[in-house]
Each structure stands twice: as structure tokens, then as C-alpha cells.
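Let me begin by presenting the structure, written as C-alpha cells, before commenting on it.
The values are calculated or read from the model by the stated rules, or taken from the named source; none is laboratory data. As the structure is a prediction and not an experimental result, all values here were calculated from the model. In this analysis, Cβ positions are derived from the backbone assuming ideal geometry, glycine residues included, and neighbour counts consider all displayed protein chains.
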Ligand code: SF4
Ligand code: SF4
Ligand code: SF4
Ligand code: SF4
């Protein structure tokens, strides 16, 4: 049963008290042109009745008979619109790949919007290695997601389409970007519940569970060599020497004007051990803004990536 | 699923059902009371019964109509989504403020409002008493010229009510209203100190939260008034009964519902005064800085605090949208801790509060109903109307009932064979609604509801000006008689002709003829002028409304001009001397063409 919110349009004076009271769900807002409270996002209303209690003129009646308020609150908080980043960086159609990579590097993001098209780091690199120079040659129609979808649904799309960025639409316009990182961050603020048929990382899970074997390249490999390996294996990063080189590092190289025959400079990142708890690793990754960490297991260097965590563990659907 | 939904809606529905149940009981009791009163042939009881019965019936009728036509459980039906192509600016820094110096200090005082109400409170108590005990006789034209009660009510108060539109604003009456004043004192337990509110403090059901009751109530009250010729001014005790009825009803309602629910929804004057306030030069109480209110969490203007009450009218913080509902109670001004409230004089042509973002369908409908009432008051002065009305009365047998409702009044000189017939009254009342309905249906660019509402809004100045014009003859041709009555309010012993009294003599020398219920000839051009001014404002309003709501300007212009010119022509005809000796005489209209110097504007 959906909660129902009735607003008296005769008495309401648009005083903002209900909007303020609905801080958690943000379902009710004042339309400033009409000085009127409106239930703008009924799907987000939890039926908590806070607005009814807050209205000085008793203009609101909330009918929440049989509504599971806390359950609805969890869903509301796990909506894409609540976890996306509002920062949308755009670039011109006519820009070069190098300019695009510079912007990505500077803004610390992995995708740019061109109208309703999108270009990601992978696109930049694909273009670069196949001799293209312009953004419009490699950008693609973006796959989008609605703001009211849940993080869970967004991840499903990402995993199915094998993409890491989803532009978020509300109505007819793109209002933000939802990336894998945002999904991971949402885990720390929401506890995904069993009702959604999703379960979160368990305390006792270890880093080794998700660490993958990747090709170990030697120090001194070139951009071209590394990229070929990544592409062949369909992975986003690998280990070079005892450091990590990811798509992002190669994009950075493009931005800096490196050529394909220059040597890559691996990033040295703290090595974890296989028995380290997973949540500690996630914490480290969030804190240091890295998407991959090396993990030593039986003297072998493995790589643990965010993608693996999000697609395999946290969001396993209980069937 | 449906069952669950139904069950959970019970809380709302039960409230509505209970409300309707008690209204039904009330209606039946009032109806029985009226019927028994007719058997007893007591005219005062009949009149009171009729007033209560029609009020209850109005509420019941509106509720049932809403239940049948509106599916939703709220009053969202009164709200019109406007396209808002251009949003006009809300604030203007150059508007002069009323609340400066002494006046500001005065309104900060707790007893300020009490002091404003008290004089009218006293006057109206005098009126109620004098109306009952005073001299009841009518003169040959059927009006009372010696009793203070009926004369101050209808020669002075009622015309002044409409003059307020341009002297100050309509709601200044609400500020001094003695009936709501005493009800509020009772409700709050003290004339000015803050205490605990007594009574049930129920909420008027949300679905029925509309001002339509008021507009329809005004129409029905006007019918009763015409039927007994109360406003003639007629038999004084009939006037007293109306006042007592309003006062009692208000005391009753205040004990059941919250604060000023009566004023806001039921009072027959609420809708007309809300409308005239929208176009008045004097604004209502309004916040100075909207931003400050956005961050204000205490909302003392609405909720009140330890010392002060919050807005009893549910109007604060008085944005433009709620301006017509501000009864100038000044509670918000006292309560706001940030001194963020002001009372401004608007800029010419004072239409800022008319063309607002949130337009109201029920307010639009009210304009048309009220305009219909005024149209009736104009048309009824034309001979053709009387002929049709009399024919209808005999044809429908209404004469028989009307006799039963007016026992014992003939001894005062009152005679009536059924005027106004409810059928023709209703029909004339509905003419503006029908016309605007037809024109709105023709608009293709804009949804019907918005077109209807927006077009109705352009007629607010026409309503305000015509109702004032219609009451000018009484004000200018009769109000001076009140001066006689100040020394002798009951009018006892005044048997000599009215023209031999001092003020009667003055009026007569000015050219007016109260004995025959007509005013000076120069009242005619004045009435026409007022209507012209209304048309001018209507045209100005049309331009703004057309800009915001996207309707063709011509639709507004044709309405404003159409009604304006009709009213002007009728004004001219009804003021004709109706003399067969003059040229262009027509028994249906009077003198179709005549020299305005011979005009006799009727009361
Ligand atoms: S709290 Fe009440 S009056 Fe204020 S904006 Fe909300 S519904 Fe309207
Ligand atoms: S019931 Fe709760 S969630 Fe729903 S609109 Fe009101 S405050 Fe917001
Ligand atoms: S108390 Fe004053 S500042 Fe607060 S909302 Fe009311 S008018 Fe605004
Ligand atoms: S807004 Fe202020 S002045 Fe107007 S009715 Fe309310 S309390 Fe009174």
C-alpha cells in the first residue's frame, strides 16, 4: 500500500515547514510560483507523517495505513538520485581525444557528456590506439538510468552492459552521473536489506575472495603493450613491476602527451594480504580514491578491483 | 487492494461523513422549525428559520455536489494549474508602508484589535435592539425612513462596504466586524489576552475547504433580503433578525471549528470582500522579506507564541496568493519575532494581487455567481422584470407560499406577491456563469478550467464597481436621514412627513426623494462613472491576465466590455422617470431615451 499525502490547496501558504520536515525523503516541495506545497516525488514518500505534524495550519493529511515506513525509507535512500554525483562535465563534439583525456584527468572522472552522448576512458584509449583524434569519432549514445531507480537496478544495468557510468535522467533532462564508485559509496550510507533480495558484504569476508589473477608485466613496458594486454584480457588494470597500471593511468598518459612507445609509470599502492578483511580494503580504496589494489596471496601478486566487488559480492541477488 | 485503500481512507472519509450527517440533521431541524413557524404565523421565527435552513442547505448542497463530481479526497479541484508564461514580480520596494510611527506602535498593542472592533460592536448591539423595539411602519413606497436600525444598515453600512473597495480594502470591514469579533473573544476566552482556545477546534473537512459556500450564501441571503425587502430599507425588525442570525451562527461555529473558519468559508460577505480586496489600493498584511521566512523555523506568525496568537485566518505569511484571505487581524504583526511584517499601500491600478500564480477555480466561480446577484439587482428595477416575475409567481403558485412566509407584515405597509420568484432569480444569477462557460469552451489554446478561471478574474473589477454603483442612490439619497435618528433611534413619534424634519428637508432641497425611494439626478452620472472606472480596471486586468495565462485578449475584452456596457445601459434605463408623458416611452423599459437631468435613480 502506497502512502497518500493530501494537501489543502485552500489553506496552504507555502511556508516551507513541510518541505523542511520531509528532509529525509525529500518527497514534498514548495512550488515557489504558486506558493503551494506539492508532493513532487510520491514514490519517495515514506508515509512518515512528519509533514502533517509540521504544518502549522493542518493542511496535510497523510494516510499511511499498512505502510512499512522504515522499509520504504530504505528504498528511498537507495535511489540513484540520492547517490549520484550532480557534477556533470561536458565536452564539445569537436574536441580532440587528448583534450578529453585532459579534462578527465583534471576533474578526476572517467566519463564526459556530449549532449546525450557519452565518452569514457575506454573510448578515449580505443580511439587513441586506433589512430582516431576527435571525440565525435568515438563517443556513443549514452545508456541512461532514471533517478528513481535503485542503486541495485543501476548496478544490474552496468554489469549487463559492462559499463561503469550511467547518466541519470529526471523527466527529460540529464541531471547527474552515477558511477560504480557512487554505488560503492552508497553501501556505506545505506544498508541494503533482504527485502530487496540483495545482501551486503559480510564482516568476515576476506580480500582474497575477490582478488583476481592478472598478467604481470615487467617494469619498462610501454603504453602500447600494456593497453594491448588490458584489451585482450578485457580488464581495466594490471600489475606492472610491483605497481598498478589502469585505464585511468593510460588516459593520464594521453593527457600528458605521451606516445604509445613511451614507458608506463606504474603507481605504487599499498599491498594488502589475502587474509585482510574485505571491508578494510574497501575503506582504503574509498579513502584513497583508487579502484584497484594489489593483494599478496601465497607470494603471488593478485589484483582486487572495485568492479569485482560490486558485481560479484555485495550485490549478489538471492534468488 | 481497493478494500485496503478504502479502509485506510476512513479517517478522512469519516470526517466528511460525520460533517454531512450533522448538516443533514441541522437542515431537517431548521426546515421543521420554519414549517412550524409558518403554522404559527410568526414572521420573525419564519425568517430566522429560513436563514438557518438555507445556510444548512447551501452547505449540504455544495458538499453533495462535490461528492458527486469530485473523485479526489482533497480540494485540489479548486486549484488551477496556470501555464505562467510570465511571472509578475511580487515585491516592490517603493510601496508606502502603513505601519510607521504611531500606527506601528498601536498595532503592536495587544488590545489594538479589540479597540478597533469595539465601536462597531456597540453600534450593532444598538441596531439589534432598536430594530426590534423601534417604530416598524413603512412609508408609501414601502421603505422605513425613521428607524436607525434599518437605515444605518442599508443607507450607510451596506453601500460603504462596497465603497471600501477603493477607499481602503474590502477586508477592512472584517477588521472591524463585531460578529466575528465577539465570536473570537469567546473562542479565546478574553478580548485581548492570550489564553486557551475553547471549543472543539475541528478542522473543516479538507475536500470541502472552499469559499463557494460564501458566494452561494451571499446569493441566497440576497434573495431572502429581496423577498422581505429587508434592504429597502424595510421593516426594521427583519434587519435585526438577520444580524442576530449572523451573530448567533458565528458564535455557534466558533465553538465547533478552528479560529476564523466561519469568516473564511461560510460568512456570506467573505467571498465578495475577498474579491474586492484583490483590487483595492490598500494591501493586506504581508511579509517584507520572503527569504527571512524561508529560514524561520518558529513560524510564530502562523503558530503564535507565549504572548500572541498566530493568524486566525490561516492566511499568514500572506503571500500574494493568500492576500484575499487576510482579515487584517494583525496577530501576525504582533507575533513575528523578526519584525518582518508590513502593511502596504499598493501602486495604481492596484491589480497586483489579482493576477497571481495560484489562481482559484472556486474564486473564479464566485465572481460569476456574485456578478449574477448584482445583475439581478439591476434587472429587477426594470419594468419588464416585474411583469415576468409576477406572471411566474402566479403561474408557479409561488404567491401562495410567499403569503405563508410573510404573515402579519402588511400591517407595517409591506406587500409582496412573491417577488423575487426563485426561478427567475436563479436564472438571472446564472447568466454570467453561462456566458463565461460558453466563451471558455471556445478557447482552444488553454485548458477549459484555466480559461474559465482567468476570464472570471477579469470580471472582478466589474463586480466591485457595479455593486457599488447599485448602492449609490441609497447612500447619496438617504444616508443623511440617519442624522435625524441619532437623537431618536427608535423613530417613535415621527409621524409628520419626513421632509419637514431637518435632514429630510436638506435631502429634499438637494433633489432627492426618499419617500418615493429615488435619489438626486446627479447620482446617475456618478453611477455610470463608477462603472466606467470598473471597465477601465477590467481592461487593465485583462492585459495582465492574458499575458500570464495565454488566452486571447479579445476574449477578456469582449466579456469586460459586454458586461460593462450592459450594466451602464441598464443603469440608465432603471433611472428613467418611467413617465408615459415623455417621448420614447416603452412600458417594458420605461423611457428608452430621456434627459439625464430628469433621472430618478432608484434605491
Ligand atoms: S507546512 Fe502546511 S502551510 Fe506550510 S507549505 Fe506545507 S502544507 Fe503549506
Ligand atoms: S509523509 Fe513523510 S515522507 Fe511522505 S511527504 Fe510527508 S514527511 Fe515526506
Ligand atoms: S514569524 Fe516572521 S519571519 Fe517567521 S515566517 Fe512569520 S513573518 Fe516570516
Ligand atoms: S495575515 Fe496577519 S493580519 Fe492577515 S488575518 Fe492573518 S494574522 Fe491577521
Name the single residue that is nearest to ligand 2 (Cβ to nearest atom) among those in the range A:58-103 being in contact with a helix residue (DSSP H, G or I) (Cβ under 7 Å, 6 or more places away or on another chain) and within 14 Å of chain B (Cβ to nearest Cβ). A:62
Every residue from the range A:21-53 that is more than 29 Å from the chain's Cα centre (by Cα) and more than 7 Å from ligand 2 (Cβ to nearest atom): A:30, A:31, A:32, A:33, A:34, A:35, A:36, A:37, A:38, A:53
Looking across the range B:194-210 at residues that are out of contact with any strand residue (DSSP E or B) (no Cβ under 7 Å at 6 or more places or on another chain) and within 9 Å of chain A (Cβ to nearest Cβ), the single one that is surrounded by the most Cβ atoms within 10 Å (Cβ to Cβ) is B:210
Elements of type helices (runs of 4 or more DSSP H) in the range B:336-438, at least 1 residues being buried (at least 18 other Cβ atoms within 10 Å of the Cβ) and in contact (Cβ under 8 Å) with a residue 40 or more places away in the chain: B:361-379, B:398-405
The number of residues in the range B:251-267 that are within 16 Å of ligand 4 (Cβ to nearest atom) and either within 18 Å of residue B:360 (Cα to Cα) or assigned to a helix (DSSP H, G or I) (or both) is 6
Output for the range A:21-51, where each listed residue is within 7 Å of chain B (Cβ to nearest Cβ) and either away from ligand 3 (no atom under 16 Å from the Cβ) or in contact (Cβ under 8 Å) with a residue 24 or more places away in the chain (or both): A:33, A:34, A:36
When residues of the range A:1-20 are filtered for being in contact (Cβ under 8 Å) with a residue 60 or more places away in the chain and near ligand 2 (Cβ under 8 Å from one of its atoms), how many remain? 1
In the range B:220-261, what residues are surrounded by fewer than 23 Cβ atoms within 10 Å (Cβ to Cβ) and farther than 24 Å from residue B:132 by Cβ? B:255, B:256, B:257, B:258, B:261
Note on the range B:268-321: residues without any contact (Cβ under 8 Å) to a residue 60 or more places away in the chain, more than 10 Å from ligand 3 (Cβ to nearest atom) and part of a loop (DSSP other than H, G, I, E, B) are B:268, B:313, B:314, B:315
Which one of the conditions (1) surrounded by fewer than 20 Cβ atoms within 10 Å (Cβ to Cβ); (2) within 8 Å of ligand 4 (Cβ to nearest atom) does residue B:301 fail to meet, given that it meets all the rest? (1)
Filter the range B:68-86 down to the residues that are free of Cβ contacts under 8 Å to residues at least 12 places away in the same chain and part of a helix (DSSP H, G or I) and list them by number. B:68, B:69, B:76
Which of the residues that make up the range A:1-15 are over 36 Å from the mean Cα position of the chain (by Cα) and more than 7 Å from chain B (Cβ to nearest Cβ)? A:12
So residue B:43 passes all but one of these: (1) modelled with pLDDT of 95 or more; (2) surrounded by 16 or more Cβ atoms within 10 Å (Cβ to Cβ). Which condition number does it fail? (1)
